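Here's the structure, in structure tokens; my notes come after.
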Amino acid sequence: MSLDEAVTKHLTDVVESRPQVLDQTTTVVQYERDGAWVIGARGAYDIQSVTPLADALDLAVKKPRKVILDASGITFADSSLLNLLIQTHQAADLYVAGPTPQLQRLLQLTGVDTVLRVRATVEEAAAG
């Protein structure tokens, strides 16, 4: 087997072994709860999909109230979302509610969980 054939086979094996993302749809919903503005995020957030969430958080920080990100539906997050959370935290009273295990791990690995107010539920975040 030539070097080119070996590299091609290896790359094919790597690509085929990666998990496939079936749905890259993201959803952002917004509502008021107990005087706080809640933004519910669903889906995978990376550099290509974070804009609708960034727009919603940007509008929310302009309101004089607590902002809660309901992160219970976030299936994937990378540094784009992490950066957005840090920027929002600097501009507003931000709480992250119900982060999924993947997001919780990202927050822990980067130490951001010590900076952000992370709560188990939206109810806990709204209470304080």
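The values are calculated or read from the model by the stated rules, or taken from the named source; none is laboratory data. A quick note: this is a predicted structure, and the numbers were derived from the prediction, not measured. Neighbour counts are summed over all protein chains in view; Cβ atoms, including those assigned to glycine, are modelled from backbone coordinates with ideal geometry. To get the accessible areas, we keep the full protein, side chains included, count just its heavy atoms, and leave off ligands, DNA and RNA. Shrake-Rupley method; radii C 1.70, N 1.55, O 1.52, S 1.80 Å.
Computed quantities for the displayed model
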| read-out | value |
| --- | --- |
| Top-ranked residue of the stretch 104-128 - restricted to ones that are open to solvent by 70 Å² or more (accessible area, probe 1.4 Å) and among the hydrophobic types (A, V, I, L, M, F, W, C), ranked as nearest to Leu85 (Cα to Cα) | Val115 |
| Filter result for the condition that a residue is under 16 Å from Thr26 (Cβ atoms), open to solvent by 40 Å² or more (accessible area, probe 1.4 Å) and not hydroxyl-bearing (Ser, Thr, Tyr), over Pro101, Pro52 | Pro52 |
